[in-house]
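Written below as structure tokens is the structure these notes are about.
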Amino acid sequence: MASNNFTKIANGEYQIGQLLGSGSFGQIFLATHINDKYNEYQFLKQQFQEEGKTKHPQLLFEAKIMKALQGKTGIPTLHWSGQEQNANVVVMDLLGPSLEDLFNLMDRKFSLKTTIMLADQMISRVETIHSKNFIHRDIKPDNFLIGLGKRSNTVFVIDFGLGKRYRDTKTQQHIPYRENKNLTGTARYASINAHLGIEQSRRDDLEAIGYVLIYFLKGYLPWQGIKANNKQEKYNKIMEKKMSTPVEILCKGQPIEFSTYLNYCRSLRFEDKPDYSYLRKMFKELFYREQYEWDYLYDWAIPRENNDKSNWTNNRISIQINTTKPIENENNQILNDNNELVTPNGNQDANQGDGLLNSQYENQDENQQDDQQIQNDNIAEDKNNNQNQQQSKDNNDSMVAEDGQQQQNQNQDQQNDKSLFD
């Protein structure tokens, strides 16, 4: 559908502006609310296929996970989602550049101070996702964006297209341990268990963060740039290198806390609940031992010679384009002459061959099963929110009321033994 046919959406509430990017996932535009011309939003459109629906309705599935996470720090606000003009549509916050973009801006290395401040927020974002019974399964620098304006100190997590429910909302029953699964996520940062074909759980999201942190500190990971004749061989070589590299060697030259972090993540059992507070505390103790000040003054916010900080701020739209890479079906992934994965139009993937996921849609049926459960959860959550709002009027403390209601609902949910997992 031509972009000029899409001037307004959501019952005419949003005016569509500049095209930011496009790919097999659809198109991304700037948008403004008709009653608020000063705030910009991000409008995503996923085109229907000829049979009347998308083969992989990933966009709306992402939106439903986002709705379950609404109101939490570092989760983009979902302003509208639905189907309009024969397309799936999502309107969400417009955010700033990704950590990968900023990493490149900083000559592909972050300071210890910046890395620890980012680690604290990244662990918190993953904890938020886990608290709502989901795992992300595609932790990488591209999927963490900083906010704009007053929220420029906040790290946001995006791209829930590979997210999965790991625990039943009502019974709290964990999904079963399984093997022989295809690799889901980004090979560069995937956990060893994910490489081995083991069903992912909370531990895998955290292990991936560990690899991201070492990537930030060192500028590279030992398994980057591996050459192979085909995709599967490349993934196998990445796995072999990852498994054969001792944590102490991987973290050599860095504070011991980083090897402690990875060893802790790898020690977790499949159903274990990670101690997020312990991990954050460990990094904070390192931070203050180094006599840093927690001022949210990241590397990219510090003026440098021959580097105008406003450069990326004024050009944030072009940076935003780089953070939204097309997602290609596995059958459309190919290798170029340098054994690097490219999209069908010939553009090299930004992760240089080791970043595209294997079997992007292997769990599509699971997502569709979760789809109805998420809808049910959202209905229940809306009802709880209404109850919480009334309760907050009585005690003038909405947060206390919400926490109390959520705890009461959780206790009631645990009494319900019906599982919606296959």
Please get the size of the charge dipole for region 141-183, origin at its Cα centre, with Cβ charges of +1 on Lys and Arg and -1 on Asp and Glu, quoted in debye to the nearest 20. 200 debye
Tell me the label-point distance for the pair GLU248, ARG266, using the 7 Å Cα-to-Cβ offset, in nm and rounded to one decimal. 1.2 nm
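Based only on other Cβ atoms within 10 Å, what is the fewest-to-most ordering of ASP272, ASP138? Walk me through the intermediate numbers first.
On the way: ASP272 12, ASP138 22.
Ascending number of Cβ neighbours within 10 Å: ASP272, ASP138.
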Report, in debye and to the nearest 20, how large the dipole of region 149-234 comes out about its Cα centre when Lys and Arg carry +1 and Asp and Glu carry -1 on their Cβ. 220 debye
In debye to the nearest 20, the charge dipole size for region 103-160, taken about the Cα centre with +1 at each Lys and Arg Cβ and -1 at each Asp and Glu Cβ, equals 120 debye
At a 10 Å Cβ-Cβ cut-off, how would you order PHE287, PHE43, fewest neighbours first? PHE287, PHE43
When MET243, MET117 are arranged by how many other beta-carbons sit within 10 Å of their Cβ, fewest first, they go MET243, MET117
Pairs to check: LYS218/LYS281; LYS64/LYS164; LYS242/LYS284; LYS8/LYS45; LYS72/LYS150; LYS181/LYS227. Give those whose C-alpha atoms are more than 18 Å from each other in this structure. LYS218/LYS281; LYS242/LYS284; LYS181/LYS227
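Sorted by average packing, counted as other Cβ atoms within 10 angstrom per residue and highest first, what order do 125-133, 12-20 take? Please report the intermediate quantities before stating the final value.
On the way: 125-133: 19.8, 12-20: 16.1.
Ranked from most to least packed, the peptides come out as 125-133, 12-20.
Only the coordinates and a few stated rules stand behind these numbers; no lab work does. Everything quoted here is computed from the prediction, not taken from an experiment. So basically every Cβ, Gly included, is an ideal-geometry build from the backbone, and we count neighbours across all protein chains shown.
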